[in-house]
Amino acid sequence: MIRFLIKGLIRDKSRSALPIIVVAIGVMLTVFMHAYIAGIMGDTIEMNARFSEGHMKVTTRAYAAEIDQVPNDLAILEADGLVSKLENQFAGVSWASRIKFGGLIDAPDENGETKAQGPAMGIGIDLLSTESEEPARLNLTKSLVRGQMPRQSGEVLISDHFATKLGVNIGDPVTLIGSTMEGGMSMYNFTVAGTLSFGMEAMDRGTIIADLTDVGKALQMEGAAGEILGFLPDGFYDHEEAVKMAEAFNAGYSGDQDEYAPQMVALGQQEKMSFYVELSEVWLYYISLIFIIAMSLVLWNAGLLGGLRRYGEVGIRLAMGEEKRHVYVTMIWESVFIGLAGSVVGTGIGLFCAWLLQKYGLDISGMMEGSSVMMPSVIRARITPPDLWLGFFPGLLSTVIGTMLSGIGIFKRQTARLFKELEA
Amino acid sequence: MENSVIISIEKLVKQFPMGQGVFTALNEIDLTVQKGEFSGLIGPSGSGKTTLLNIVGSLDAPTRGEATVLGQPISKLGPREAARLRKENLGFIFQSYNLLQVHTVYENVEFPLLLLNIQAAERRKMVMDALEWVGLTSKEKSKPPQLSGGECQRVAIARAMVKRPSLVLADEPTANLDAANSHHILQTMVKLNEELGTTFLFATHDEKVISYLRRKIYLLDGKIDKIEHVAVNDTVPS
Ligand SMILES: Nc1ncnc2c1ncn2[C@@H]1O[C@H](COP(=O)(O)OP(=O)(O)OP(=O)(O)O)[C@@H](O)[C@H]1O
Ligand SMILES: [Mg+2]
């Protein structure tokens, strides 16, 4: 009997190959879309994390309160001590001190007279020590357009666009005009070692990247750090994990009233990013839901049609003395196999496509020109555990439920009526 | 002769809902069929032949009255018992063959035996016997779409006969066949009736079929109009 059914299933392409293809396509699209969106959302979050927010960020309470103004007068003073403390408390997390600063970049001519000036957004990072992860984190080597990476103190990188605007070349001096921690004016000379293009309009407009120690000297805040960024070990933002760490850290200072006491916030807790993190979760949720519903409808229909097409066969089997229940159960078993096969194939192909897009990426930098949002210029999918079941179960369930419903339609009919329709 | 009754119908009424009221398709039918008969329900379209055959075949239930088939009261059978009656004792032949299109001739004929859980070797023998009765042993691997109408109906006969049922119900079996093929399959059925003692009950208005029947049960507007017996000698034109 089972062999008889399997033969029927395999030979009747409209009962096997066709529905399997339909299921597989639906499942594949669901899996792929989910990984694709997870990838874009994730990349955008990671990009913001690496360039400015960290997965967690430690500042003084006072700094955090006015973080938009980059209030370096409220910076963490003994930054290295705090970093060691953080490293002890949170094994595996990588911590990096940074100073963000604003100022004017002045490009002098041969006589030392101002040739051009422009407003700059600066980041001081650990550029020079060999074990520093920061250059890689900011993708500096790959973003280099002209020149080379700074090798000694006093050397800086500036965005290529900015350099062109100022008429500055490699090896030329530039002067940073900023304000000290105490509020006084500071002037500090740098040499341009290289120019950068990030592929992000927001970063390419006027960025200058200098070594943390130099920036400390320039702004008279040696040993201090505006922000200490933490990065989770596996390289991806995990909201729950980050929040847990922030809470653990902040608990240690709960009795402290000092407004210069450090505090930690997770990326998703920052006003600017929380919306995005929430959005990405909601988005994933809705997109998945829409796909699952659409797919279920299609598969359900396919199941219904498949069932209706089989009136004749069902009638014959009943006339031969097979029980209605048995016919029904065998049809459902068939749909389980169809659903399984389609869902396995679909999940496989979907994961493969997602993997291709995860590994090789899709360059959309051409489309991103002029955008001020910090978005990745290469789209990558990101495969996450839900991809394994997100398409699989709806694919299986909707096939089986579709068959169940169509089966009920058939079996509510009088057997004799089935024959009337059969004869017609 | 009492224990050789295979179908016994008493005051059988079948009504279908129609608009506000009901339509009476069978009206107080009384009929007895003996084992081994080769008889048929004859009547114009709409006279109730198929309806009666369906009730005898436990595919439909009576509204009132009773049809007892092989000792089983149809109106009292649950779906399980009805299926079992069909599976073990009844064979069906339809006007439109109703073969499973993706299965071979062999598999179509084998199907009723699968339902009966008969062993593979025994099954093979029974299927080949049935194919031999209808002269189709050479086509066992063909599928219905590759067969002529006459061949399809012969497969259907083999399928109905393979389990050697007590009763075969044939609803307009020749309606889609030409004269030569009609005679061919009728002769086959007569032969099976004689050799295996299988009871045949037809529903037809085809003169060719009628000429083979030994008992002609005329239906008109859901009632039995008259019954004609044919003496054994002057029947079968062979
Ligand atoms: N399910 C049903 N619902 C309503 N009316 C029905 C139903 N089945 C049969 N009838 C009616 O019962 C009457 C008898 O139908 P039946 O099919 O038994 O006729 P028949 O003698 O087999 O005719 P034919 O020679 O055309 O096959 C017809 O008038 C038909 O319309
Ligand atoms: Mg009829």
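The values are calculated or read from the model by the stated rules, or taken from the named source; none is laboratory data. Since the structure is predicted, the reported quantities are computational estimates derived from the model, not experimental observations. As a convention, Cβ positions derive from the backbone with ideal geometry for all residues, glycine included, and neighbour counts pool all protein chains shown. We work out accessible area using only protein heavy atoms, side chains counted, and drop any ligands, DNA or RNA first. Shrake-Rupley method; radii C 1.70, N 1.55, O 1.52, S 1.80 Å.
A few remarks follow.
- Residue in the range A:53-60 that is closer than 30 Å to A:GLY171 by Cα, open to solvent by less than 10 Å² (accessible area, probe 1.4 Å) and not assigned by TED's automatic domain parsing to the domain that holds A:LEU297 present: no
- Test: residue in the range B:62-80 that is at the interface with chain A (Cβ under 9 Å from one of its Cβ atoms), surrounded by fewer than 24 Cβ atoms within 10 Å (Cβ to Cβ) and of a type in the set (Gly, Ala, Ser): no
- Evaluation of B:ARG215 against (1) among the charged types (D, E, K, R); (2) touching a His at 6+ places or on another chain (Cβ under 6 Å); (3) farther than 18 Å from B:THR32 by Cα (one fails), failing number: (3)
- Single match in A:MET181, A:MET187, A:MET245, A:MET200 (criterion: open to solvent by 70 Å² or more (accessible area, probe 1.4 Å) and either touching a His at 6+ places or on another chain (Cβ under 8 Å) or among the aliphatic types (A, V, I, L, M) (or both)): A:MET187
- Selection of the range A:358-402 for residues being modelled with pLDDT under 80, in contact with a strand residue (DSSP E or B) (Cβ under 6 Å, 6 or more places away or on another chain) and open to solvent by 30 Å² or more (accessible area, probe 1.4 Å) yields A:ASP363, A:VAL378.
The rows are residues; the columns are (1) open to solvent by 50 Å² or more (accessible area, probe 1.4 Å); (2) within 14 Å of chain B (Cβ to nearest Cβ); (3) more than 24 Å from the chain's Cα centre (by Cα); (4) among the polar types (S, T, N, Q).
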residue: A:ILE10; (1), (2), (3), (4): yes, yes, yes, no
residue: A:VAL23; (1), (2), (3), (4): no, no, yes, no
residue: A:GLY26; (1), (2), (3), (4): no, no, no, no
residue: A:TYR36; (1), (2), (3), (4): yes, no, no, no
residue: A:ALA64; (1), (2), (3), (4): no, no, yes, no
residue: A:GLU87; (1), (2), (3), (4): yes, no, yes, no
residue: A:SER94; (1), (2), (3), (4): no, no, no, yes
residue: A:PHE101; (1), (2), (3), (4): no, no, yes, no
residue: A:ASP106; (1), (2), (3), (4): no, no, yes, no
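- Flag if A:GLU313 is within 14 Å of chain B (Cβ to nearest Cβ), farther than 28 Å from A:HIS55 by Cα, open to solvent by less than 50 Å² (accessible area, probe 1.4 Å) and not in a helix (DSSP H, G or I): no
- Lone unmet requirement of (1) more than 11 Å from chain A (Cβ to nearest Cβ); (2) open to solvent by 40 Å² or more (accessible area, probe 1.4 Å) for B:ARG84: (1)
- When we screen A:VAL174, A:VAL168 for residues that are under 27 Å from A:GLU222 (Cα atoms), surrounded by 19 or more Cβ atoms within 10 Å (Cβ to Cβ) and over 30 Å from the mean Cα position of the chain (by Cα), the only hit is A:VAL174.
- All helices (runs of 4 or more DSSP H) inside the range A:75-161 with 2 or more residues being of a type in the set (S, T, N, Q): A:79-89, A:140-143
- Some residue of the range B:96-111 being away from every other protein chain (no Cβ under 13 Å) and either surrounded by 23 or more Cβ atoms within 10 Å (Cβ to Cβ) or within 16 Å of ligand 1 (Cβ to nearest atom) (or both): yes
- Scan of the range B:150-162 for residues that are buried (at least 24 other Cβ atoms within 10 Å of the Cβ) and of a type in the set (D, E, K, R), ordered by number: B:ARG154, B:ARG159
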